[in-house]
1. Could you list the square roots of 5 times each eigenvalue of the Cα gyration tensor of the stretch 73-208, that is, the equivalent ellipsoid semi-axes, sorted largest first and rounded to whole Å?
2. Taking amide H positions as placed in the peptide plane 1.01 Å from N, state which residues far from Asp158 in sequence (5 or more) or on other chains have amide H under 5 Å from it.
3. Once each part is reduced to its C-alpha centroid, what is the distance from the stretch 79-146 to the stretch 159-208 in angstrom?
4. Please find the FRET efficiency linking Arg35 to Asn206, where r is the Cβ-Cβ separation and R0 is fixed at 25 Å, and quote it to the nearest 0.05.
5. For a quick protection proxy, order the peptides 134-141, 189-196 by their average other-Cβ count within 10 Å, most packed first.
6. From the P(r) of the stretch 82-150, could you give the percentage of C-alpha pairs in the tail past 21 Å?
7. Along the Cα→Cβ direction, 7 angstrom out, place labels at Tyr187 and His137. What is the inter-label distance in nm?
8. Any idea how far apart Arg44 and Arg178 come out in nm if each label point goes 7 Å out from Cα toward Cβ?
Amino acid sequence: MVVGWGERNDVTTPNTFYQAILTLRNALAEVGLPRDTVKTISRRGLTLSEATQVEVFTPTAEPVIASEDAAIAEGTAMKKPACAPIRCTGDVEWTIGKNRFVGTVSWRMQHREGTAVINGKLFGHVVSEVNRTIYFHYSDHQNARVLNNDRIVKTFADSADEADINATLPGFYRTPGRDLSLMIDEYRGAWLFAASNVPSLYCRKNAP
C-alpha cells in the first residue's frame, strides 16, 4: 500500500486495496485476459504471472487537437457519462478485519435520483444474508457524484447482524442520511466506479 498510494497510504484502508485488486481482476476477465494475471503471494503481496510480458511505452508526441471547437467537443464528450442514465451490476468483496461481505450491487441513476440494490453473504461472528434497496438522491460536484441515502428497504431475506454489518459495510449502505462520493467513468460497455480516486467497482451495463 505504501508503494501504490505513497503518502496517502495512512488513509487508504485494506478494504480499499482489496476492492481495487478485485476490480482489476474483473476488468481483466471482461477483456479476455486471465484473472490470475495478478497473483497473490500469501503474506507477502502481489506479483504478475510468469506468462505476463511487460513493455515500456514511451509517447512519441503530445496529442494534438486540431481546433478550439474540437477541444470544446472533446471536453463535452468526456463529461457526458456523468449525466447519462446508469443501470449496471457489479461484484463486490469487502473485508474489514475478520469480517467479509461477498455479493453484488446493482445501480440505477437518472434525474438526480437512484437506487442501489445490494445482496450477498456477510461473514462475521455468524454468516447472514444482506438483501436491501437503498433509495438516494445525488448531486454533481466537479467530476464526482455525491449520493445521499434517503431510505433503506430490507427484504425478508435480510438477516444481517447489526454489529457485523456496522463493522463491514460502508455507512451509505446501512444508515439513512449517510453520503457516498463516487467518480464514474464509462469503459468498454461498463461503468467504472472510484472512491477517493481508487477504483472500487467494475459495473456491467444492464439492459434499459
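1. Working through the eigenvalues yields semi-axes of 27, 15, 14 Å.
2. Asn131
3. The stretch 79-146 and the stretch 159-208 have Cα centres spaced 4 Å from each other.
4. So the FRET efficiency works out to roughly 0.65.
5. By packing density, highest mean first, the sequence is 189-196, 134-141.
6. So the portion of pairs separated by more than 21 Å is 36 percent.
7. Distance between the two pseudo-spin positions: 3.1 nm.
8. 3.7 nm
FYI, it's all coordinate maths here, none of it is from the lab. Owing to the predicted nature of the structure, the values given are computational and were not obtained by experimental measurement. Counting neighbours? That spans all protein chains shown, and the Cβs are built from the backbone with ideal geometry, glycine included.
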